[in-house]
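Heads up: the structure comes next, in structure tokens.
The values are calculated or read from the model by the stated rules, or taken from the named source; none is laboratory data. The structure displayed is predicted, hence computed values, not measured ones. Cβ sites come from the backbone with ideal geometry, for glycine too, and all protein chains shown count toward neighbours.
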Amino acid sequence: MAENYDLIVLGSGPGGYVAAIRAAQLGLKTAIVERENLGGICLNWGCIPTKALLRSAEIFHYMSHAKDYGLAAASISADLDAVVKRSRGVAKQLNQGVTHLMKKNKIAVHMGDGKLAGAGKVEVKGDKGSETLTARHIIVATGARARDLPFAPADGKRIWTYRHAMTPAEMPKKLLVIGSGAIGIEFASFYNDMGAEVTVVEMLDRIVPVEDADVSSFLEKSLKKQGMTILTGAGVEELKATASGVSAKIKTKDGKVQAGDYSHAIVAIGIVPNTENIGLEALGVKTTKGHIDTDPYCRTNVKGLWAIGDVTAPPWLAHKASHEGVIAAEAIAKELGNKDAHPHPMDAKNIPGCTYCHPQIASVGLTEAKAREAGYDVKVGNFPFIGNGKAIALGEVEGFVKTVFDAKTGELLGAHMVGAEVTEMIQGYTVGKTAELVEQDFMHTVYPHPTISETMHEAVLGAYGRALHI
Ligand SMILES: Cc1cc2nc3c(=O)[nH]c(=O)nc-3n(C[C@H](O)[C@H](O)[C@H](O)COP(=O)(O)OP(=O)(O)OC[C@H]3O[C@@H](n4cnc5c(N)ncnc54)[C@H](O)[C@@H]3O)c2cc1C
């Protein structure tokens, strides 16, 4: 007999498992279906294991620069196997944490491949055979996977996706990173710090192209100073695995084709949504470029069917997926009559983005160029870390904070940062933006001293010609 639920969540990434927890908190009888690992890409193959790797690289970097701090660290070396082992251990710990959270919240976990089998029905094929589950509502949270180069699919040996790059069998000596979005740049930073010779190729005219242009050019200079080769406005036209590595042909900015040999290549050119073979077509679910269309409450065009996270529109970030999970669960509970559920619509302009390269970058809202394109008359503030006492004390003077305000209303349109710990600081501006604070509110806020966060205050003051320490 089919098991009956209020809600079935298909996929247990940060979107799906958070949706399931919130639904259970609101009293819904909830099931989650997962074919691989509870926690999805984020905990097992994405955000968390990469941060564990980057942490090792960061410590290695500081050990290599011990002298700058009056210390000596003799004969330091990196053991890649041990670094990867630590990262996999961290992923496992969090995967077990999600297993515990499912139990604690009495969420039924069905391991297996799930497929929508008509309105309100999910068929699950697992190790123990096939079962059909029914529910009043279904959330699709099947996420996404790495996009391959059409002419050079990843082989896991020489041509890697992020999964291979996270569990390398050997240390790359000469690494080609194709794509300079967050994933490409984080791996470039990790392997560069670990001692590889790294080349980054970016098709667009600047690296981290979704960020503010000032951040892109600052980061490019910094990465080059660290020894990386950066080719922008360049495309990989041929990539072939050989017995000893990969050979690549790269068309550079000037139109010339440059041939090069590398030991390994990481392809980080974007993602493909997991929307095939899950029964979307039969239900007539609308998609755009493969990603499911949703309204700000995560409803699809099919009644009772919702979608969240990477399988929907960008930004493809874990915190966006989780936030949508909460919104969808609350909207469903409200539809089922729960008076304590008060869903709020998703507001994409207040979703921060962070890249944990070295130096880190973080941003929220519009870039200066996008704000101008949108017709705003802007006031821009820019404050360098070299003007901040804590940054100097930490030996972290490389970085800046930039703010973009609407000159008419004082609304913070965007904030952009590069430097140490900025991924921890961006939330200050995100809270302010969400609460629709204006320049006066940021100016009147007291920032603790000494902290790097004082640069956030100065960047606001700077937009109005009032910066104090420069
Ligand atoms: C290397 C890397 C680093 C990243 N770093 C960050 C970061 O620092 N910060 C950040 O915000 N984001 C980061 N991301 C992005 C982040 O991982 C994703 O945005 C997030 O995981 C999306 O969550 P999701 O719930 O939509 O889907 P996913 O996490 O992809 O989970 C989907 C789940 O659904 C399951 N599934 C799919 N189809 C089926 C099916 N038919 N039946 C059953 N189960 C199914 C999958 O097995 C998977 O477990 C990173 C991604 C990568 C690859």
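How many residues are of a type in the set (A, V, I, L, M, F, W, C), within 14 Å of the ligand (Cβ to nearest atom) and surrounded by fewer than 22 Cβ atoms within 10 Å (Cβ to Cβ) if we restrict to the range 286-307? Give the derivation first.
Of the range 286-307, the ones of a type in the set (A, V, I, L, M, F, W, C) are 292, 298, 302, 305-307.
With within 14 Å of the ligand (Cβ to nearest atom) added as a condition, the list becomes 292, 298, 306-307.
Narrowing further to those that are surrounded by fewer than 22 Cβ atoms within 10 Å (Cβ to Cβ): none.
Number of matching residues: 0.
Out of (1) surrounded by fewer than 22 Cβ atoms within 10 Å (Cβ to Cβ); (2) under 30 Å from A331 (Cβ atoms); (3) small (G, A, S), what's the single condition that is false for A152?
Failed condition: (2).
Do you know which residues across the range 164-188 are over 22 Å from I207 (Cα atoms) and among the charged types (D, E, K, R)?
Those that are over 22 Å from I207 (Cα atoms) and among the charged types (D, E, K, R): E170, K173.
Quick one: is I32 of a type in the set (A, V, I, L, M, F, W, C) and either buried (at least 22 other Cβ atoms within 10 Å of the Cβ) or within 14 Å of G309 (Cβ to Cβ) (or both)?
Here the answer is yes, as I32 does meet what is asked.
When you go through A318, A341, A307 one by one, which is the residue that is more than 26 Å from L43 (Cα to Cα) and either at pLDDT below 95 or small (G, A, S) (or both)?
After applying the criteria, what remains is A341.
List the pairs whose first member sits in the range 404-426 and is more than 13 Å from Y464 (Cβ to Cβ) and in contact (Cβ under 8 Å) with a residue 40 or more places away in the chain, whose second member is buried (at least 21 other Cβ atoms within 10 Å of the Cβ) and basic (K, R), and whose Cβ atoms are under 6 Å apart, counting only residues at least 6 apart or on separate chains?
Close Cβ pairs (under 6 Å, with a partner that is buried (at least 21 other Cβ atoms within 10 Å of the Cβ) and basic (K, R)) amount to H416/K402.
All but one of (1) in a strand (DSSP E or B); (2) within 12 Å of the ligand (Cβ to nearest atom); (3) buried (at least 19 other Cβ atoms within 10 Å of the Cβ) hold for A135, so report the exception by its number.
For A135, the exception is condition (2).
Of all residues in the range 308-367, how many are in a helix (DSSP H, G or I), surrounded by 20 or more Cβ atoms within 10 Å (Cβ to Cβ) and within 11 Å of the ligand (Cβ to nearest atom)?
10
Residues being more than 14 Å from the ligand (Cβ to nearest atom), surrounded by 12 or more Cβ atoms within 10 Å (Cβ to Cβ) and hydrophobic (A, V, I, L, M, F, W, C): count how many of those fall in the range 74-107.
Summing the residues that are more than 14 Å from the ligand (Cβ to nearest atom), surrounded by 12 or more Cβ atoms within 10 Å (Cβ to Cβ) and hydrophobic (A, V, I, L, M, F, W, C) in the range 74-107 gives 5.
Given the options I8, I48, name the one that is within 13 Å of the ligand (Cβ to nearest atom) and over 22 Å from the mean Cα position of the chain (by Cα).
Matching residue, one of I8, I48: I8.
Among the residues of the range 170-188, how many are hydrophobic (A, V, I, L, M, F, W, C) and within 18 Å of V215 (Cα to Cα)?
Total satisfying the criteria: 4.
Residues in the range 138-161 that are over 21 Å from N274 (Cβ atoms) and part of a strand (DSSP E or B): how many? Steps first, please.
Taking the range 138-161 and keeping what is over 21 Å from N274 (Cβ atoms), we get 151-152, 155, 157-159.
Imposing the further condition that a residue be part of a strand (DSSP E or B) reduces the set to 152, 159.
So the answer is 2.
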